[in-house]
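The values are calculated or read from the model by the stated rules, or taken from the named source; none is laboratory data. Note that this is a predicted model, so its numbers are computed, not measured. Cβ sites come from the backbone with ideal geometry, for glycine too, and all protein chains shown count toward neighbours. In case anyone asks, the SASA skips ligands and DNA or RNA and just uses the protein heavy atoms, side chains included. Shrake-Rupley method; radii C 1.70, N 1.55, O 1.52, S 1.80 Å.
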Amino acid sequence: MTKKIHVLLLFILLGAFGSCRNEDLDPLPAWEPGLHGYGVFATKESRDSYTANFPATNQLNSKIDYKIRWVSLDNKLSVSKIELYVNFMESYLDGDKNERVVSHGTKLVKTLDASGNRVWTDFSVSAAEVLGLFKDARFKYDGATETMVFANPLRTAEAPFLAKRQDPDPNVPAEKKLAVSADEFVLTWRLYTPDDKVFKSWSVSICEEITSAGEGNSNCELVWSVR
């Protein structure tokens with residue numbers, strides 16, 4: 001008899017919990033459609049860093065070619081435009097001869113009219129365009145005095161961006177000079193839908209673990225330097 005009572009109580013409790021369920025409190029999100037952005041260096045259609053780079057000399061006549069496409073896996077969204085941004089990062093030695101890296105900001109370099117789903121759009125970024133974005137950049141290399149980045153005498157009209165080099169300090173003997181890394185640049189993108197939704201970031205696994213240009217892939221950036 002006791003067993004029957006326990007079973008009956010169990011059914012009553014289950015019925016009570018089931019009838020009181022509030023769908024608005026469901027912790028599982030309702031997934032919305034998304035967009036992927038995939039960019040590559042046109043050379044070899046590669047996303048590998050440093051596939052192409054600005055040359056160490058005659059830079060203002062140089063450019064790097066790229067391809068980008070957007071992917072909607074369920075075909076529920078479309079892209080009206082793609083914005084491309086460049087981050088300029090400089091390496092330098094501080095007063096204690098430790099190498100530091102400073103970002104001089106991320107700036108819009110160009111806007112593209114988007115092609116169709118899974119269709120590549122070609123574009124290029126020139127050294128002259130990047131210089132135009134950052135020509136007025138300033139930084140406090142000593143922590144106190146703001147200095148024009150391109151006032152550095154190592155940066156010339158022919159080669160405003162620096163390749164890998166040795167410490168330029170004349171007071172340091174040649175055998176003790178440390179190497180300083182080259183300038184680096186990071187290209188990122190934002191995808192805009194016709195109703196002004198913006199997609200500008202993706203998960204770490206999508207950005208870093210997928211390497212081949214598959215139909216549903218995304219990546220977060222392309223990196224190049226001066227070599």
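For a Förster distance of 30 Å, can you work out the FRET efficiency between the beta-carbons of LYS176 and SER103, rounded to the nearest 0.05?
Efficiency for this residue pair is about 0.55.
Got a sec? Charge dipole of segment 55-166, +1 on Cβ for Lys and Arg, -1 for Asp and Glu; which of THR111, SER62, ALA144 is way out at the positive end?
Selected residue: THR111.
If you take every residue apart from GLU83 with its C-beta less than 12 Å away from the C-beta of GLU83, what net charge results, scoring Lys and Arg +1 and Asp and Glu -1?
+4
If I model a spin label as a point 7 Å beyond the Cα along the Cα-Cβ vector, how far apart are those points for THR145 and LEU60 in nm?
Spacing of the two 7 Å Cα→Cβ label points: 2.7 nm.
Carbon and sulfur atoms: what percent of the 1.4 Å accessible area of segment 122-210 do they account for?
53
State the extension gain, in nm to one decimal, for the chain segment bounded by LYS200 and ASP74, taking 0.36 nm per residue of separation less the distance between their alpha-carbons.
In short, 43.5 nm is gained.
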